[in-house]
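The values are calculated or read from the model by the stated rules, or taken from the named source; none is laboratory data. Quantities reported herein were computed from a predicted structural model and do not represent experimental measurements. Every residue, glycine among them, receives a Cβ derived from its backbone with ideal geometry; neighbour counts consider all protein chains shown.
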């Protein structure tokens, strides 16, 4: 999923934003990434024979979410981005939709992990 997120970011900056503008590019890119996360999660859980409890699936989702948000804040720190700017990406009242990515990461194991299609 990390590689898909990076490809999505490159695609957003090189293809989407130049054609749609910053805000529309942000929204479209977020939608594409959440869809990709759902597809990857579904494919993983549909092809594994492992049985997971609800608590284990919640832990997987929480882990994916913490790793993603932690990575985002780490990259921001390394780049010198103020924490307030990184936090601003989660402000839905200012039109930001990025919060959908960590929510999708948390929810998809719970949605698809209970032996999808079986």
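At a glance:
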| quantity | calculated |
| --- | --- |
| Residue that is surrounded by the most Cβ atoms within 10 Å (Cβ to Cβ) [pool: residues in region 47-81 that are on the phi < 0 side of the Ramachandran plot and outside any helix (DSSP H, G or I)] | 52 |
| Some residue of region 90-103 being exposed (fewer than 11 other Cβ atoms within 10 Å of the Cβ), closer than 18 Å to residue 33 by Cα and in contact (Cβ under 8 Å) with a residue 12 or more places away in the chain | yes |
| Single match in 53, 48, 108 (criterion: out of contact with any strand residue (DSSP E or B) (no Cβ under 6 Å at 6 or more places or on another chain) and touching a residue at least 40 places away in the same chain (Cβ under 8 Å)) | 108 |
| Residues that are modelled with pLDDT of 95 or more, over 19 Å from residue 71 (Cβ atoms) and surrounded by fewer than 15 Cβ atoms within 10 Å (Cβ to Cβ), drawn from region 1-23 | 14, 15, 18, 19, 21 |
| Filter result for residue 36 (assigned to a helix (DSSP H, G or I) and modelled with pLDDT under 95) | no |
| Residue count, region 82-118 (criterion: assigned to a helix (DSSP H, G or I) and under 13 Å from the mean Cα position of the chain (by Cα)) | 10 |
